[in-house]
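One structure is given below, encoded as structure tokens.
All of the numbers you see were taken from the coordinates with simple rules; none came from a lab. Given the structure is predicted, the values throughout are model-derived calculations rather than measurements. Note that we place each Cβ from the backbone using ideal geometry, even for glycine, and neighbour counts take in every protein chain shown.
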Amino acid sequence: MTALTPATQDYLKVVWTAREWDDEGPSTTALAARLGLSVSSVSDGVKRLTAQGLLEHAPYGAIHLTPEGRAAALAVVRKHRLIETFLVEYLGYAWDEVHDEAEVLEHAVSEEFVERLAERLGHPERDPHGDPIPARDGTVTAPPAIRLSALEAGTSGVVARVSDAEPELLRFFAEVGLVLDAPVHVAARREVVGTLDVEVGAREEGADEGRAGGARGSVALGLAAADAVWVVTV
């Protein structure tokens, strides 16, 4: 990890996270969008990392990590998610505030710091958004979750993960109680207007933002917003 530049670490991390909850690896265009770079710049970067044995990329195909690339990606993902957890649990950050802070800090802290942080946190298995925190040996244990947008009417479950891509959406989810461990029930699908009516559990009194408890009420969600929530059905 110490031999890899922050830019290289970012490439590898984004390739891994892009396919963490989906089956297919990202395309060059999708990777450029996630990194905020031009397609030509990302194409050059992918060629460089492929030559270094960290990525695999067939022309016009998806981008995949080699075993070496995967190990490096998981190391930086572990740093990122442990830092996010620390910021929420010890410094009082809200779950919509931690991503950008962790993006900076993950390149500044040592492996020793990260392991001491993991020990202090009690070796958590997930970050504030429900993303699994890779173990030191690279093991990743993810829940069998599916997108809320894919659930049929009458389906119930528990929120297992919420995408951190849009802070404003995270704030909205917190306001309506659509947070980690919240019980949810899809009351209706309205395909004609692209919405779901979702009955959502409420946070217990005194619970941290991003945790949930009993009954709250109903919320209408657009399918695009529901795409950002993963649920383990019950």
- Message: I'd like the Karplus ³J(HN,Hα) series for segment 96-105: coefficients 6.51, -1.76, 1.60, θ = phi - 60°, whole numbers in Hz, and an x wherever there's a Gly or Pro.
- Response: 8, 9, 8, 4, 5, 4, 5, 4, 7, 5
- Item | Among (i) 16.6, 58; (ii) 18.5, 54; (iii) 18.7, 59, the entry derived from the coordinates for Rg and Dmax of the Cα atoms in Å | (ii)
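Loop-only check: which chymotrypsin sites (Phe, Trp or Tyr not before Pro) in segment 1-77 are DSSP coil with at most 11 other Cβ within 10 angstrom?
Y60
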- Message: At a threshold of 8 angstrom on Cα-Cα distance, excluding pairs fewer than six apart, so keeping six or more, what relative contact order does segment 1-142 reach in percent?
- Response: 21 percent
